[in-house]
Amino acid sequence: METGNLSIHSENILPIIKKWLYSDMDIFVRELVSNGADAITKLKKLVDMGIVENIPDDENYAINVKVDKANKQIIFDDNGIGMTADEIREYINQIAFSGASAFLEKYKDKTDTSSEIIGHFGLGFYSSFMVSDKVKIDSLSYKEDSEAARWICEGGIEYSMEASDKATRGTTITLYIGESGEEFLDVYKLRSILAVYCGFMPVPIFVDEIKPPADEEKAADSEETATDEKEPPKPINDISPLWLKPANECTDEEYKAFYHKVFTDFNDPLFWIHLNMDYPFRLKGILYFPKLKHDLEYIEGQVKLFNNQVFVADNIKEVIPEYLLLLKGVMDCPDLPLNVSRSFLQNDATVKKMSGYISRKVADKLNGLFKKDREAYNGYWDDIAPFIKYGCIKERELYDKIKGSVLYKTTEGKHQTLEEFTTENASVEDPGADGESASSGTAKKTVFYVSNEQLQSQYIQMFKDQGLAAVLLATNLDTPFVSYLEMYEPGIKFVRIDADITEALKDAVPADADSAQPEGLEAKFREILGDTKLKVSVESLKSADISSIILLSEQSRRMQEMSKMFGGGMPGMFEDELTLVLNRNNSMVKSLLEIQADSARKDDVELIAKHLFDLAMLSHKPLPTEQMTNFIKRSNQILEMATRK
């Protein structure tokens, strides 16, 4: 048996880092600026602890990023803690050694973890080789009598160290940009990258462009002739973002201004949730409820994840409950590493607790608005309904918490809970009306709903004439949402308004009247319309103005809609199960019933039958082109018949 140690060839490390360490090349900007902020944070901690006393109280800490396009250089300069030559050897030459971790370990009994140092790992600096052929470090430590040191590496395993002429405390990193990184020599591109990743970093960041000598002379001449005083440079970042302030110190105007700035959305958010958690994990942030569109496929939110004010990523569903990705917001969690990996997040207990905490905060906010300001909540509902419905489907726990606050807009323009609506409007099925209610022995409440107010206007009017209402469920999300509700609310059954006729719409048949279905009528309609599966029923409806309506069974419709939604099934797999209902109280239907058996009136029967069917279909869905053309032609024929003398 042979044993030994695995051999790691250092000459292979940097090529791997250069190509595979990060998926986006621009991440080197975040890493180097984060290191600068890290160095400044360390120094400020030492000053606060009284360990360092030679720093002025009014010290202007800052990170300066300069672009020298002519010489193909990008320079990152900070006035933080700096490094000695020995510290460069320790922190830079030993790849993956975390300087921040060593610092925290050394001062763990004295530091306050509420202001965590950014650096959690030791590979960030090496991201500079993704865009550079050569990297130079000049650094001067804060320690008294320190000598400045210089480190140079050209991307291999060899480096050189020597004394540096740097005269000010801190670290300057100079990148000699290679061909793969030339796009970053555009100062506007670099500024935009910094705005994304470092827009809220806790140290002021300034960006400037080093002009060639000729351009500098021109700029100097123009400054001499200028009469107005030059404005002082402004940092590209906000060092005190709103999410760090206590919620009770933030005004509505501040919340809205922050929303407009971060998300470039000119509309005001509906409302927001301010997150602030210290145990068992640290989390601060703000979640905004924007004015959402009503079709789920067009809803696009943006939740930005930060680590100590350093941007990490957008919409990481392992951290943020999936349904919250429809919102807009920021979340800052120092307990997550900057270089988050999906496998780490999926298995991390803190992440799971974080997701649960956020869901609870959302549920509490919604329930609080519902109870304390119902009028405002009703006004929000049409915008937040897709978000809430999607959340309920994705998380049963959320549904259990907020089901009493879920509203339904009605055809009367009201916003009601399911309990409020069923108390006023739902019809009740007797036990045994279907298999489920038969087995349970309990009656079900049927809730009628509308999916298209325009097409189903005739049905809606029938309801209104009888003082009834239906709920509006008109988005793509409502089909699975209705099925979800029926699963967890066994006493409720949803039926589209054109799928059945509630008894409240039917007229009582006089005792001396013939209530039997006319013999042969269904067969005659099937023959005339060429539809061997069409069902025909004659009912006495309370509204005599309605001649005919089409019913499509709820089960058949849902199967079709689900098939379309998920792209499954073969054409014709789920055929329409149509029922043509004729209203025996309507004059046209009365005429048809009187002449249907008269062979001499065969053409008139055919004309009326086709017209009654098309009238019913018009309130069900748009007619195909040819069918609509025939309907118009037939309408003219009927008008001519009616005007004959």
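The values are calculated or read from the model by the stated rules, or taken from the named source; none is laboratory data. What you are looking at is a predicted structure, and each value in this text was computed from that prediction instead of being measured. As a convention, Cβ positions derive from the backbone with ideal geometry for all residues, glycine included, and neighbour counts pool all protein chains shown. Side chains included, ligands, DNA and RNA excluded: accessible areas come from the protein's heavy atoms. Shrake-Rupley method; radii C 1.70, N 1.55, O 1.52, S 1.80 Å.
Worth pointing out:
- Size of the range 121-197: Rg and Dmax of its alpha carbons, in Å, are 14.4, 40.
- Of the GluC sites (Glu not before Pro) in the range 146-202, the ones in a loop by DSSP (not H, G, I, E or B) with at most 15 other beta carbons within 10 Å are GLU147, GLU154, GLU158.
- CYS250 sits with roughly 20 Å² accessible to a 1.4 Å probe, with DNA, RNA and ligands left out of the calculation.
- Taking 7 Å steps out from each Cα toward its Cβ at LYS211 and ASP268 produces label points 4.4 nm apart.
- Which of ILE157, ILE88 is most accessible, then next, and so on - probe 1.4 Å: ILE157, ILE88
- For the range 362-428, the convex hull spanned by the alpha carbon atoms encloses 98 Å³ per residue.
- Taking all Cα pairs closer than 8 Å and separated by 6 or more residues, the relative contact order of the range 124-214 comes to 27 percent.
- Segment ASN367-ALA600, length gained on full extension (0.36 nm per residue, minus Cα span): 77.1 nm
- Rolling a 1.4 Å probe across all protein chains gives TYR142 an accessible area of roughly 40 Å².
- Annotation: HIS260 carries an accessible surface of approximately 60 Å², with a 1.4 Å probe and no ligand, DNA or RNA atoms counted.
- Spherically averaged projected area of the range 125-164 from its Cα convex hull (nm²): 3.2 nm²
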